[in-house]
1. With respect to the numbered conditions (1) within 30 Å of A:L928 (Cα to Cα); (2) more than 9 Å from every other protein chain (Cβ to nearest Cβ); (3) in contact (Cβ under 8 Å) with a residue 24 or more places away in the chain, which one is the sole condition not fulfilled by B:P88?
2. Just to be sure, is B:V271 touching a Pro at 6+ places or on another chain (Cβ under 8 Å), of a type outside the set (D, E), under 20 Å from B:L324 (Cα atoms) and surrounded by fewer than 24 Cβ atoms within 10 Å (Cβ to Cβ)?
3. Identify, by number, the condition in (1) of a type outside the set (V, I, T); (2) touching a Ser or Thr at 6+ places or on another chain (Cβ under 9 Å); (3) within 30 Å of B:T182 (Cα to Cα); (4) facing chain B (nearest Cβ under 9 Å) that A:Y161 doesn't meet.
4. State all residues of the range C:73-84 that are surrounded by fewer than 18 Cβ atoms within 10 Å (Cβ to Cβ) and touching a residue at least 12 places away in the same chain (Cβ under 8 Å); if no residue qualifies, say none.
5. Given the conditions (1) of a type outside the set (D, E, K, R); (2) assigned to a helix (DSSP H, G or I); (3) surrounded by fewer than 23 Cβ atoms within 10 Å (Cβ to Cβ), which single one is not true for A:A221?
6. Could you tell me whether A:A93 is buried (at least 24 other Cβ atoms within 10 Å of the Cβ), in the same structural domain as A:T30 (by TED's automatic domain parsing) and farther than 30 Å from B:A187 by Cβ?
7. If you scan the range A:830-855, which residues turn out to be in a loop (DSSP other than H, G, I, E, B) and within 17 Å of A:G685 (Cβ to Cβ)?
8. Restricted to the range A:95-145, and to residues that are small (G, A, S) and outside any loop (DSSP other than H, G, I, E, B), which residue is farthest from B:L108 (Cα to Cα)?
Amino acid sequence: MSGRRLAAPRGSRIDRERTLSFLWNGRPYTGLQGDTLASALVANGVQLVGRSFKYHRPRGIFSCGLEEPTAIVDLIDGRHRTPNARATVVELAEGMVAESVNCWPSVGFDLGAVNGWFAPLLPAGFYYKTFKWPNWHLFEPMVRRMAGLGRASLEADDDRYEEVCAEADVVVAGGGIAGLSAAVAAAQAGAGTILITAGTATGGALGWRDDGELDALAAKAAQAGVRILTRSVAFGVYDHNLLCATERLTGGPRGPRGVLRERLWKIRARSIVSAQGSFERPMLFTDNDRPGVMLAGAADEYAHAYGVACGRRAVIAANSDSAYQVAASLGAAGVEIVALLDRRAHADIGAHVDGVRVLPNTGIDKVLGTSAVRGCVAVAADGHGSRPERFDCDLILSAGGHAPAVHLHSQAGGRLRWLADGAMFVPDGAAPGIVSVGGCAGVFSRDTAVAHALDVGRALALGFTVPSATPCGAGRSLASTRIADARGKQFVDLQNDVAAGDVGLAALENYRSVEHLKRYTTTGMATDQGKTSNVNALVLMGELTGREPAEVGTTKFRPPFVPASLGALVGRRVGRLYRPLKHLPAAEWHAAHGALYEQFGNWNRPAAYPVGGETLHAAAQREARTVRRSLGVFDGSPLGKLEVWGPDAAEFLDLMYVGTMSNLARGQARYGLLLNENGIVVDDGIVARLDDHHFWVNTTSAGVERTASAFEEWLQCEYTNLRVFVTPVTSRYGNVTLSGPKSWEVMAAVGFDAGLSPGSMKHMTMRESALGDVPLRVLRASFTGELSYEINLPVDATTAVLDRLWTAAAAAGGALYGIEALEILRTEKGYIHIGTDTDGTTLPGDIGFGRAIGAKTANFVGRRSLLRPAALDPQRFQLVALSPADGRTQLPTGAQIAASDPPTTPEGHVTSSFWSPELGAPVALGMLARGSSRLGERIRVHHLGERIDAIVVKAPFIDPAGSRLHG
Amino acid sequence: MQNRYSAWSLLRGAFSGQRNWSPAWTDAAPKAAYDVIVVGGGGHGLATAYYLAKNHGLNNVAVIERGWIGGGNTGRNTTIVRSNYLYPESARLYDFSLKLYEGLSAELNFNIMLSQRGLVLLAHSRHDLDAMSRWANAMRMNGIDAGILSRDEVAAMVPGLDMSPQARIPVLGGFTQRRGGTARHDAIAWGYARAASALGVDIIQNCEVQGFVQEGGRVVGVDTTRGRINADRVGIAAAGHSSVLANLAGFRLPVTSYALQAMVSEPLKPVLDTVVLSPGTGAYLSQSDKGELVIGAMLDLFPSYAQRGSFAVTQSILAGVLALFPAYARLKMLRQWAGIVDVVHDSSPIIGATPVPGLYINCGWGTGGFKGIPVGGWTLAHVLATGENHPLAEPFALSRFVTGRLIDEAAASGIAH
Amino acid sequence: MMQIPCILCGRRDESEFVCGGASHLLRPPLEASDQQWGDYLFFRDNPKGVHLERWRHAQGCGRWFNVARHTVTHEILSVYAITEPAPR
């Protein structure tokens, strides 16, 4: 309990006048406006905040930024939880509720910690070597319960997310001094510039050190019109210079629809500047994971930016000149620096601090204290020399050097090189479209970074050659941060509990490439994505196998740079806006008339119109019966509609369809099958000739986009000489279909032109007509086997005409009918439904269209495929009609046909199956091997262990002569 | 000499300071000649080498890997294993594979963490229900476990699904294969490598094949970045890079390479026990033993050899996930990657001879290669050792693209692999 | 996410387009052998490098056009009309 609030003027980001109360693990605390959850916890003396993944060791706050590996918390608001938030970047808010993860019953007393006792039995990859007998299933449930960090809620998220697209000449990721400089220079030179910064203002992690230069730059940025996105992190570079960032939104009270939580930015930029700085590299020493061990720069930032001291007496373990700056700055803030133990030899140290005891060539041998640091023992780093010395302290600061944030550069395809002097990976040349400046380019000298960034910004804006960066200013660091002969656990990956010994084991067992190392030990796979562990792991593996870190290799960085919430990535594509459904032009009319809506493909359509508590099944039976007895009214608006125009339209349609269309007379219509080039039936439809050069094409509702695309592709890419236009008109025309013996009677009553009567208009013809001033295209075609009129009309007139027809139909004893009744009616007639009775293997010959092909001359799409051996195989499945042998048991759709019980090879399956109200018996269609030659044969269908005998019968089940079609 | 892995060996490790372990496999330098060379050190290639040694007694075998073993699609998938296939040919092939998986931890003495927590395929419409009925029945006819789930059963097995009346993607029921599940992908590569290495197979990493040496029209060896290596039988198991190798050998394949994405969330306490597949949205997901949600996508639908994946597809697949699980909006995507998959027209593998005598291939697994690793290795080893295609692999020969005898699982089921 | 220069509309996001696969395929006549037909239908160069392919601006003007694109970097080297010969 050694953290505390420092007196003003420390704390450039906090407002001491505004106190915020919050709950942490059930206990009330207060913090200040501007605090992060982490800084508020530190100020309250809370040190133990979490437990590690594997051994459940106590862990504290390790960093001050998005690289945090250990202070992982769940945030709770009402019914919702946000799991695995990094306390170091959570802005404290009034009433915030947060708790530790991965511990039970509490973070202070965690039963999982018994794992620590067995640590010697649980080296890296131990699970590959045991838990095999009797099998993994015995052990897995226990492992699953132990695994995981935060807890997710199963309540739907009420909050909202949105997406914004933007374009920029230059987009700068990172609002520190280098990023700001580049942005200002670019904007001043006339480039449209966007700057993305993680904080609430520009300035970056070192913003609190401002000497006025940052403020001046920020003013210039505003003046030059730089668009600044605060609370935002660029997480990914994608193809063709797309930079994506998430912006955290705050503010606004929580309404019934939640709050707008996050915004995704998709910024297409001519140039991207990466200025995401660097991460401090931790030192490896025994028990370097104890609460109270943290990154040196982080402690400095807490002190100056948040006005909190992370301890009273600090020992600094250093491998970098930056430690000296921290020592001075923290000392000035009131933290006593007990000693600075520098891993490096005297000659390598390039910095100096007054009034602090500096011990070169020294490292930490051991940390005292378990749940909190009580002290440490220092020894000579090379294992020789002076005897161990004990220091009493409550804070150990780790300053192992810096790891440039090369993520965006690497994501964009840039290579990396190892800089031995600074012991860091830096960009090796530029990646296409992206330039690194400042810390992430390895430029740590402030003046050089600013000068370089200004040059870069200007060059990008003006199209000049971009100056390359020269890494400098970091001083010397050693690759290895360990002392010789270190014993005990030196943690490389703090969250995943990967210790130096685990890396050693990986080396011993030949998991030596960087990817094997990562996967075998799980180092770098934690929620900090390796930001605090990767370099140490690579260096260690290199050390153990006698290779340079660069030879061990680096993994390619992939998005996201920081974990991104799924909500933000999805934006508004949720709920009704996820693949929006299509609605009928008369949707409300149907709803008012009792429609039971269901989704059919992308359409919301009436499945049936139940009355008086009918089930869907009962309603469909009644509707189907009514169609056969009197008439039914059906909304066929989703039916695909294309108009095909041009002098070569007839020739073109002959090439598209199995049926011949060029010999249609004007007003005549014909059924057609559409194949793909592989010979597969992909759609069917009716083609009507309106004029010599003008055809009307009906496709299936689901198939219209596919058909229109196919037409266009063939026209534009193969038959480029044909003079044809294809116009999709599905959404321009409504379609009201009347079917049943009384269809014409009702149409006549409503006042349709007498020229449409069955006597003057034959089956399979189309007429252009009108009802009052509503122009009509009326097709006599039938999917029910009854006299039918498909009335196509302007979409705006659909509801009115439908209403008039329905009024007359209802008076004549008719019914509205939905898809379910239509399926019954067409199955009774043996009409196929593409996609139900056929699948992606069906050839035209399989459904009775073999003979239609022979007579045709055109080399229509897919024709050649019908001549291959597979198409000529006599064993092919063919469409048949099926009746149950007992005359009453309905054959389940999807049931398989086979003579013997399983295991056996099926010889077909049931594709459509309904109860026929007309026959008072089941009717079914199916695909059956050699089906067309097996009429009258008894077969057996199998459904989930049940067996039903059936007979192959002749289709159709109703009206074999087809006389009903003609009214 | 390799250690035998057991709880006992771990105990010895605990007392020896983990100094008792030997390399899982030995890195070999290429010899001048081998009986058989397998090009590709992923799961399929390593399994091939293992079965060459184990089933056929061929120990003078090299596996040549351009990078590091298991670094391609074996280490880049969503680790799902299942055998829910419609056609008898596929059902036999994939179920044989699943059965090999079921015995693999014991056989390889390496815990592959086969976790048969079951898979649930969601039906979003009555049409889906009918399709799943056909599928379940077809599988049962082929002697493979399969069942149909009611809406309530799905809700009970998959907590967090949006089952509300206004759900944009309704769930009407589902299909299940209880033997389906996941296995630890890296363990498959390492387990096969270790077992093959113990049988004398040379595993050669960081060795890229640059050409196939042919004499009299037959293959007699390979040119590599580490010199020429002779063998008169060569097998290719290179997934997305199959066409590149075929091109070196002078022929083309009916293959197009696409990026297939996957992503994981941050680790969570258990929220999802089974593997969930949603053909309607293209999303499939499971929760790993570590607690990460592992989310798979549909293909990026343009040819690609870049292991990145398009952000548009990432967004679209996550939108599908949130349509099913609206509570997951607060979870965070931790990693995202892509594998390069070898897609053929009928979504079924190609196993057997190539136009070049002596050169055999195992490719075309597309998005489903992981579950096929054991049988892919088994059958490629068979044809390499005997010159005859294994009966299970016979229908999957390259010749089907000429005869038209495709085994079109994707088209028949309408369900992505 | 790529940006594709539609031959009519200029640069647009990848999500507005569909890729139709390899371009410059020659459709054999009805008399072609099974082998020739199979080659046309299924067998592809599938290069790791520059690929000549066709794309359609499906959510835009609807035009099909050819694209020369690198399959590793996804860099687009040129776009040209569907009737133009392959660039050399």
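1. (2)
2. Yes: the conditions hold for B:V271.
3. (3)
4. C:L77, C:V79, C:Y80, C:A81, C:E84, listed by residue number.
5. Condition not satisfied by A:A221: (3).
6. no
7. Once the filter is applied, which keeps residues that are in a loop (DSSP other than H, G, I, E, B) and within 17 Å of A:G685 (Cβ to Cβ), the range A:830-855 yields A:Y831, A:I832, A:H833, A:I834, A:G835, A:T836, A:D837, A:T838, A:T842, A:G848, A:F849.
8. Selected residue: A:A98.
The values are calculated or read from the model by the stated rules, or taken from the named source; none is laboratory data. Nothing here was measured: the structure is a model prediction, and the numbers come from that model. Here Cβ is always computed from backbone atoms with ideal geometry, including for glycine, and neighbour counts include all displayed protein chains.
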